[in-house]
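Student: For reference, the structure I am asking about is given below.
The values are calculated or read from the model by the stated rules, or taken from the named source; none is laboratory data. Being a predicted model, the structure only gives us computed values, none of them experimental. Note that each Cβ is placed from the backbone with ideal geometry, even for glycine, and that neighbours are counted across all protein chains shown. The area values use the complete protein model at the heavy-atom level, side chains included, leaving out ligands, DNA and RNA. Shrake-Rupley method; radii C 1.70, N 1.55, O 1.52, S 1.80 Å.
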Amino acid sequence: MKKQILIAPALALSALSLSACAENYAAEGGLAGAAAGAGIAAVTGGDITRYALAGAAAGALAGYFVDKNDKCDGYDRDGYLDDDCFDTRGYPVDPRY
């Protein structure tokens, strides 16, 4: 039990130091979520794998919706326009407003 509790802060620190070149924080959110889930499991005595996977899924989903650079990145590989491009030169007006 004591070893598991000491592993959780190390996982959290390692997740915070990583970064990716994507235009959102899905990878970082997944890593941080996995570390947080493992930490919670270590403290509560739950299944570390299950909590880490659930945390990774929640963190990746949350990170996917956070724009990393607040700049116009154009269209992504799925054909969706970056929200920062609307109303800029060469891109359409934002249809949501």
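Student: Under the classification rounded if a/c is under 1.5, otherwise prolate if a/b is larger than b/c and oblate if not, where does segment 38-97 fall, given a ≥ b ≥ c as square roots of the Cα gyration tensor eigenvalues?
Tutor: prolate
Student: So, by mean Cβ neighbours within 10 angstrom, what's the order for 83-96, 31-44 with the highest one leading?
Tutor: So the order, starting with the most tightly packed, is 31-44, 83-96.
Student: Please compute the net charge surrounding Tyr97, taking Lys and Arg as +1 and Asp and Glu as -1 over other residues with Cβ under 13 Å from its Cβ.
Tutor: Overall, the nearby charge balance is -2.
Student: Okay, moving on. Would you check the accessible area of Leu61, probe 1.4 Å, heavy atoms only, in square angstrom rounded to 10?
Tutor: 110
Student: Hey, can you find the accessible area per residue of segment 23-97 for me, probe 1.4 Å, expressed in square angstrom?
Tutor: I get 67 Å² per residue for segment 23-97.
Student: Return the distance in nm (one decimal) between the two label points of a simple spin-label model at Asn69 and Arg96, each offset 7 Å from Cα along Cα→Cβ.
Tutor: Simple spin-label model gives 2.1 nm for this pair.
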